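The values are calculated or read from the model by the stated rules, or taken from the named source; none is laboratory data. For clarity, every value in this text was computed on a predicted model and none was experimentally measured. We place every Cβ from the backbone using ideal geometry, glycine too, and count neighbours over all the protein chains shown.
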Amino acid sequence: MNFHRIWRHVLTIIGSPGVVAHELAHLFFCICARVKVHKVKLFQFGETAGYVIHDEPRRFDQAFLISFGPLLINSSASLFLFSQLRGPYQLKQLVFLWFGIVIGLHAIPSIGDAKTLFQIANSRVWRNPLVLISYPFILILYILNILKRLHIDIVYVALLFYLGRIYF
């Protein structure tokens, strides 16, 4: 194994709680929407760090919540963890900081989540014209995933940190 590959594995392990939280958010909204779940992989090495395989939701609002679940849950969890940071900084606060960062870094739904939601929206738009309202949100998911290459997720975590420390 070369150094680059080892370093990637170390970073993947360090960020694994964020992946787990991301997938648990999808799972939570599947359960809330009563959408049958077939398989859950909370964490793995490779191209896809985790996934939840489920039936297609019957209603569009269910699909929307399942797709946007990580943004809601991970962001809320990060805000809470950041709000708990009070000096003097000890191990507990450092753990909160670490969890807040890695969970926040995985708050943005994946490109796969955006594609799935876009496909469902396209198939449902004729039955429910209100689905049109979701297209700007789906576009935002695509844009955020493009910006992740420029590390917008780090900027997002910094914003969550600021909000968690100042307002909560």
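Of note:
- Long-range neighbours under 6 Å by Cβ, at least six apart or interchain, first residue without any contact (Cβ under 8 Å) to a residue 60 or more places away in the chain within the range 100-117, second hydroxyl-bearing (S, T, Y) and surrounded by fewer than 21 Cβ atoms within 10 Å (Cβ to Cβ): A114/Y142
- Checking Y89, Y51 one by one, the residue that is touching an Asp or Glu at 6+ places or on another chain (Cβ under 8 Å) and at pLDDT below 95 is Y51 and no other.
- Cβ-Cβ contacts under 6 Å between residues 6 or more apart (or on different chains), taken from a first residue in the range 119-134 that is within 15 Å of D55 (Cα to Cα) and assigned to a helix (DSSP H, G or I) to a second residue that is modelled with pLDDT of 90 or more and of a type outside the set (K, R), are listed as I120/A63.
- Scanning the range 112-156 for residues that are within 18 Å of V102 (Cα to Cα) and surrounded by fewer than 17 Cβ atoms within 10 Å (Cβ to Cβ) returns L147, K148, R149, L150, H151, I152, I154, V155.
- Qualifying residue in the range 58-81 (condition: surrounded by fewer than 17 Cβ atoms within 10 Å (Cβ to Cβ) and not in a helix (DSSP H, G or I)): yes
- Boolean, L159 is assigned to a helix (DSSP H, G or I), modelled with pLDDT of 95 or more and either loosely packed, with under 14 Cβ neighbours inside 10 Å or hydrophobic (A, V, I, L, M, F, W, C) (or both): yes
- Among the residues of the range 10-51, just one is under 12 Å from the mean Cα position of the chain (by Cα) and assigned to a strand (DSSP E or B), namely Y51.
- The criterion of being of a type in the set (S, T, N, Q), more than 21 Å from D153 (Cβ to Cβ) and in contact with a Leu (Cβ under 6 Å, 6 or more places away or on another chain) does not hold for Q119.
- For K92, the conditions (1) in contact (Cβ under 8 Å) with a residue 40 or more places away in the chain; (2) assigned to a helix (DSSP H, G or I) all hold with the exception of (1).
- Selection status of I101, at pLDDT 95 or above, touching a Cys at 6+ places or on another chain (Cβ under 7 Å) and either surrounded by 14 or more Cβ atoms within 10 Å (Cβ to Cβ) or of a type in the set (S, T, Y) (or both): no
- Residue check, V40 more than 30 Å from Y167 (Cα to Cα), out of contact with any Gly (no Cβ under 7 Å at 6 or more places or on another chain), touching a residue at least 12 places away in the same chain (Cβ under 8 Å) and surrounded by fewer than 16 Cβ atoms within 10 Å (Cβ to Cβ): yes
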